[in-house]
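The values are calculated or read from the model by the stated rules, or taken from the named source; none is laboratory data. None of these values were measured; they are calculated from a predicted model. Here the Cβ positions follow ideal geometry from the backbone for every residue, glycine too, while neighbour counts run over all protein chains shown.
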Amino acid sequence: MSEYRILLVSTEEEIAAVREIRREVYGKKFSLGDEALEAQGFIWNEEDRQSFIYLLEHIPSSTYVGTTRLTFVRNNTPIQALSMQQHGVEKLEGFDTNTAAVEVSRFALSSQHIAGIETVDSTLRNILSLELMIAVRLTLFLYPSPHVFSFMERSLYVLLKRRRTNFQKIGPSINVLGERTPYVIERNKLLADTEGITDRRTRYYLKAFCKSPGKLWAFVDGNPYLDRSDIRLDYLCEIFEKYGDDADVSLLIGEDMG
């Protein structure tokens with residue numbers, strides 16, 4: 001069993017933990033104090049209200065050590081543009097970003113936790129990044145956005161590519177607090193390509209939602225831009241019930257049950 005677990009954020013206590021991790025990571029990265037971080041929206045902003053936000057917890061110490069979010073843009077959300085569009089990416093050919101588009105952002109890992117703790121074959125950063133990638137997969141199984149966008153630094157792109165998450169470049173790099181490039185990947189491709197390395201843990205979390213859906217529904221019910229009908233939990237639970245724990249990933253992605 002992993003020493004880490006991911007949590008879908010739904011309580012004020014968990015939101016406070018997200019804010020604290022962001023404060024540590026972005027304050028150090030951009031040499032900004034608390035007031036500047038708040039003013040520039042690094043700690044919390046309007047996009048967080050239309051996002052799936054996750055925490056990564058170190059179980060032995062009961063410490064939150066990482067966070068990421070998947071912001072969704074749809075017809076009823078106040079913000080009608082992806083973050084990359086707000087920062088100058090002018091046009092995304094062939095993609096409808098107004099209907100259930102999802103963008104991965106605010107990927108932050110506590111440097112205090114990572115410092116000095118590396119294994120021989122892979123860094124702890126890689127291990128924690130893999131756990132947070134599972135959060136992306138969970139969201140896409142539950143909320144089937146056709147495409148996943150990300151406006152990221154090359155270092156994160158390389159890290160994800162090592163995990164078989166092959167984002168495609170869709171525009172030139174832009175200097176936004178460092179050089180960042182817009183990328184996209186199709187939902188079905190991401191889920192299929194990352195099945196081997198993250199499948200067991202992803203299924204563990206999905207089945208946990210089936211057994212105890214309260215936290216998921218608390219998040220959905222507390223979000224002004226989501227309804228329970230937007231979430232595919234009932235479908236996924238039906239697949240597990242009919243085909244067992246080893247149900248083919250194509251069924252979980254969304255093909256007909258037959």
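Please work out if ARG203 is more than 15 Å from the chain's Cα centre (by Cα), farther than 24 Å from LEU56 by Cβ and among the basic types (Lys, Arg). Taking the combined requirement at face value, the residue does not satisfy it.
Taking the listed residues LYS161, LYS169, the one that is over 22 Å from ILE21 (Cβ atoms), at pLDDT 90 or above and of a type in the set (Lys, Arg) is LYS169, with no other qualifying.
One residue stands out among those in the range 62-73 that are over 11 Å from SER110 (Cα atoms) and touching an Asp or Glu at 6+ places or on another chain (Cβ under 9 Å): the one that is modelled with the lowest pLDDT, which is VAL73.
Against the list (1) of a type in the set (Val, Ile, Thr); (2) at pLDDT 90 or above; (3) under 21 Å from GLU90 (Cβ atoms); (4) out of contact with any helix residue (DSSP H, G or I) (no Cβ under 7 Å at 6 or more places or on another chain), the condition THR139 fails is (3). You will find that of PHE209, PHE141, PHE219, PHE240, the residue that is under 29 Å from GLU12 (Cβ atoms), part of a helix (DSSP H, G or I) and in contact with a Cys (Cβ under 9 Å, 6 or more places away or on another chain) is PHE209 and no other. Counting only residues that are at pLDDT 75 or above and under 14 Å from ILE79 (Cβ atoms), the range 89-106 holds 4 of them. Can you find a residue that is part of a strand (DSSP E or B), of a type outside the set (Gly, Ala, Ser) and touching a Leu at 6+ places or on another chain (Cβ under 7 Å) anywhere in the range 29-48? Among the residues of the range 29-48, not one is part of a strand (DSSP E or B), of a type outside the set (Gly, Ala, Ser) and touching a Leu at 6+ places or on another chain (Cβ under 7 Å), which makes the answer no.
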